[in-house]
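Before any comments, here is the structure.
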């Protein structure tokens with residue numbers, strides 16, 4: 001299950017990278033802002049589901065509270081993204097400054113997902129080393 005969690009974090013990282021591309025498309029798409037950001041919004045909803053399931057998979061992997069905590073932090077960051085969008089006021093300097101946090105939190109989410117995947121990789125290596133050392137060679 002830990003290997004699955006690691007792959008799940010890679011998938012989340014890919015979705016987060018795609019989110020930046022879709023934001024760029026939304027900004028420079030040429031149509032109306034609402035229509036051009038539809039894919040960004042849809043991918044954001046998908047990220048929410050993937051992040052929520054990530055908490056479950058981290059718990060099922062029995063890898064300790066650190067991975068579950070990182071997965072929960074990711075969900076908190078997703079919620080923060082929605083709050084930022086709701087409180088920023090379009091067309092005002094203060095609104096744009098607040099909205100810049102949306103980008104910063106997105107970058108932070110990529111870092112946390114990468115960190116969780118890295119910890120899972122390390123734990124997988126530790127488990128495989130432990131399994132190898134537990135197997136003793138038969139006497140000749």
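Structure notes:
- Segment residue 105-residue 1, extension gain: residue separation times 0.36 nm, minus the distance between their alpha carbons: 34.6 nm
- Residue among 120, 104, 23 with the largest mean-square fluctuation in a Gaussian network model of the chain, springs linking Cα atoms under 10 Å: 104
- Span from the the range 1-29 Cα centroid across to the the range 36-84 one, whole angstrom: 11 Å
- Alpha-carbon Debye profile of the range 42-101, log10 I(q)/I(0) at 0.15, 0.24 Å⁻¹: -0.54, -0.89
- Here the gap between residue 96 and residue 66, fully extended at 0.36 nm per residue and compared with their Cα-Cα distance, gives a gain of 7.4 nm.
- Estimated [θ] at 222 nm from DSSP helical runs (n ≥ 4, -39500 (n - 2.57)) normalised by residues in the chain, nearest 500: -30000 deg cm²/dmol
- Label point distance in nm, residue 59-residue 125, each placed 7 Å from Cα along Cα→Cβ: 3.0 nm
- Within the chain, the ratio Rg/Rh, alpha carbon atoms throughout and Rh by Kirkwood, equals 1.16.
Values quoted throughout were computed directly from the atomic coordinates according to the rules given, and no laboratory measurement underlies them. These numbers were taken from a predicted model, which means no experiment stands behind them. Ideal geometry is used to build each Cβ from the backbone, glycine not excepted, and the neighbour counts take in all protein chains shown.
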